[in-house]
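Okay, structure first, notes after.
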Amino acid sequence: MSKKILKGKVISDKSNKTIIVVVERKYQHPFLKKVIKSKKKYFVHDEKNISKIGDLVTIQESRPYSKNKRFKLLEETK
């Protein structure tokens, strides 16, 4: 099974080796046909503490690092 790869924006980098990334997606409601935006926050493992607030990053699903961290940082796009 392939691992999820998502793109999002860093909203917090206060914790050591952890960043919080918000991923926004758009989808069409099945009945109303209206485009809906939804956001979800992910706790991401950042081994070298390279990401800062406002950076656009690519994250990948991985093994559990802690209770909440299930993703790791793949690359940073500025």
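The values are calculated or read from the model by the stated rules, or taken from the named source; none is laboratory data. Source: prediction; values computed, not measured. With ideal geometry, Cβ positions are generated from the backbone for all residues, glycine too; neighbour counts draw on all protein chains shown. The area values use the complete protein model at the heavy-atom level, side chains included, leaving out ligands, DNA and RNA. Shrake-Rupley method; radii C 1.70, N 1.55, O 1.52, S 1.80 Å.
Rounded to the nearest whole Å², what accessible area per residue is found for region 1-71 with the 1.4 Å probe?
Accessible area per residue: 77 Å².
Given +1 on the Cβ of Lys and Arg, -1 on the Cβ of Asp and Glu, and no further charges, what dipole in debye does the chain carry about its Cα centre, rounded to the nearest 20?
400
Could you check the spin-label model distance between ILE5 and VAL35? Points 7 Å from the Cα along Cα→Cβ, value in nm.
2.5
If I compute solvent accessible area with a 1.4 Å probe over the protein chains, what percent of it on the chain is carbon and sulfur?
Using a 1.4 Å probe with all protein chains present, the chain comes out at 52 percent carbon and sulfur.
How large is the accessible surface of ILE5 in square angstrom, using a 1.4 angstrom probe and rounding to the nearest 10?
100
Please list, in chain and number order, the residues 5+ apart from LYS4 or on another chain whose amide H is under 5 Å from its amide H, with Hs placed from the backbone.
GLU61
May I ask you to rank ASP46, ASP13 by accessible area, largest first, using a 1.4 Å probe over the protein chains only?
Output order, biggest surface exposure first: ASP13, ASP46.
Note the listed values (1) 34, 20, 19; (2) 45, 30, 21; (3) 58, 28, 16, then indicate which one is Cα extents along the principal axes in Å calculated from this particular structure.
So the calculated entry is the one marked (2).
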